[in-house]
Amino acid sequence: LLAECEARAMPEWTDLWHRANRALLPLADDPVAMRAVKRFTESVVTPEFMAAPFWRRAYEKPLGYPGDYEVMNYVYRWEAVGDTPFARFVHRLAVRTAECVATRMITVRDAIVETIEAAAGAGGPVRITSVGSGPAQEVLNVLEAGPPARPVEFTLIDQDRNALSYAYERTYPHTIRPGASASLKCLQVSFMQLFGGRGPFEGLPPQDMIYTIG
C-alpha cells in the first residue's frame, strides 16, 4: 500500500516542491518577506512532516547542521522509516527529494575507481582524501567491490567524530581481509582548523585525488 501511495503521489509532490522553490526566488533578496514565509511554513507545513525521521532530524539539526551523516544514511538506505504508515510515507517523500545525495555519491565512487585504475602502472600506493567525509559511503562501495587494482591509502577528514567512527567501523574490516590492498586513516578537523592553514595536514603526503561532497 505504501509503495502504491508513493508511486501515485511522487509526480504531484515533485511538481509541488518545484513550484514552491520557484515561488521563493523573487523573495531571495527580501529578508522581511523570507522571515514571514519561514514563520508561516513552520506553523502550517512543518508539523505535518515532523512524524518522519528524515524531516525531523534535518529540521532539528542535533549536530548543528541539516545534512549530517545520519540524514545522508537515510538516503543511502532508501528505506521507509517511521512509527506510522503516514510517517513512513512522508519519510519516503524526503528520501526521494534528496535522491541527488545518492547520485553524487555514485559519481564520486566512479571517479575514485577511475583514479585507481589510471595509476595502475605507477609505483607506490594511490592516495585519496575525502574532506567532510561524512559516512564515506563511496569509499565503502569501492572496497565492497573487491580489492582495488592498486594499493590505496584513504584519508577521511570530518569535524564530526561520530561520522568518522561510523565510517571507520564499516570500512576498516575491508582493509584487513585476506588480499586487501587498502588502508584507512581518519582525521577529526574542525571547520576553523580546516580554513586556518596546513596544521592538521602537515603529515599528509601528496594526494592523487582530493574531493569533497556537497
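The values are calculated or read from the model by the stated rules, or taken from the named source; none is laboratory data. Just so you know, these numbers come straight off a predicted model, no measurement behind them. Reconstructed Cβ throughout: ideal geometry from the backbone, glycine too, with neighbour counts over all protein chains shown. Areas reflect the complete protein model, heavy atoms only, side chains present, ligands, DNA and RNA absent. Shrake-Rupley method; radii C 1.70, N 1.55, O 1.52, S 1.80 Å.
Go through the range 130-214 and tell me which helices (runs of 4 or more DSSP H), entirely inside it, have 1 or more residues that are more than 22 Å from Arg77 (Cβ to Cβ).
Correct list: 173-176, 191-194.
Report yes if Ile112 is open to solvent by less than 30 Å² (accessible area, probe 1.4 Å), at pLDDT 90 or above and part of a helix (DSSP H, G or I), otherwise no.
yes
Restrict the check to the range 73-84 and report whether at least one residue is on the phi < 0 side of the Ramachandran plot, within 17 Å of the chain's Cα centre (by Cα) and surrounded by fewer than 14 Cβ atoms within 10 Å (Cβ to Cβ).
yes
Per-residue answers, yes or no, for (1) among the basic types (Lys, Arg); (2) surrounded by fewer than 17 Cβ atoms within 10 Å (Cβ to Cβ); (3) within 30 Å of Thr212 (Cβ to Cβ):
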position	(1), (2), (3)
Ala3	no, yes, no
Ala9	no, yes, no
Thr14	no, yes, yes
Ala20	no, yes, yes
Ala28	no, yes, yes
Pro31	no, yes, yes
Ala52	no, no, yes
Gly64	no, yes, yes
Tyr69	no, no, yes
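Taking the range 115-129, which residues are touching a strand residue (DSSP E or B) at 6+ places or on another chain (Cβ under 6 Å) and open to solvent by 50 Å² or more (accessible area, probe 1.4 Å)?
If the condition is that a residue be touching a strand residue (DSSP E or B) at 6+ places or on another chain (Cβ under 6 Å) and open to solvent by 50 Å² or more (accessible area, probe 1.4 Å), then Arg127 is the only one that fits.
Kindly indicate which of Ala118, Ala122 is touching a residue at least 12 places away in the same chain (Cβ under 8 Å), over 18 Å from Tyr166 (Cα atoms) and aliphatic (A, V, I, L, M).
None of the others qualify; the one that does is Ala122.
Against the definition (open to solvent by less than 50 Å² (accessible area, probe 1.4 Å) and on the phi > 0 side of the Ramachandran plot), how does Gly132 come out, yes or no?
Yes, satisfied.
The conditions are (1) of a type outside the set (Gly, Ala, Ser); (2) open to solvent by 50 Å² or more (accessible area, probe 1.4 Å); (3) closer than 14 Å to Glu153 by Cβ, and Leu187 fails exactly one of them. Which is it?
(2)
In this structure, is Ile157 more than 21 Å from Leu63 (Cβ to Cβ), touching a strand residue (DSSP E or B) at 6+ places or on another chain (Cβ under 8 Å) and crowded, with 22+ Cβ neighbours inside 10 Å?
no
Under 7 Å between Cβ atoms, which residue pairs at least 6 apart in sequence (or on different chains) link something in the range 138-158 that is free of Cβ contacts under 8 Å to residues at least 60 places away in the same chain with a partner that is of a type in the set (Val, Ile, Thr) and open to solvent by 30 Å² or more (accessible area, probe 1.4 Å)?
From the range 138-158, the pairs are Val142/Val113; Ile157/Val131.
Would you mind stating whether Val139 is within 16 Å of Asp208 (Cβ to Cβ), modelled with pLDDT of 95 or more and open to solvent by 10 Å² or more (accessible area, probe 1.4 Å)?
When the stated conditions are applied, Val139 does not pass them.
Quick grid of which residues meet (1) β-branched (Val, Ile, Thr); (2) closer than 17 Å to Glu114 by Cα; (3) touching a Ser or Thr at 6+ places or on another chain (Cβ under 8 Å):
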{"position": "Leu143", "(1), (2), (3)": "no, yes, yes"}
{"position": "Pro178", "(1), (2), (3)": "no, no, no"}
{"position": "Ser181", "(1), (2), (3)": "no, yes, no"}
{"position": "Phe195", "(1), (2), (3)": "no, no, no"}
{"position": "Gly203", "(1), (2), (3)": "no, no, no"}
{"position": "Asp208", "(1), (2), (3)": "no, yes, yes"}
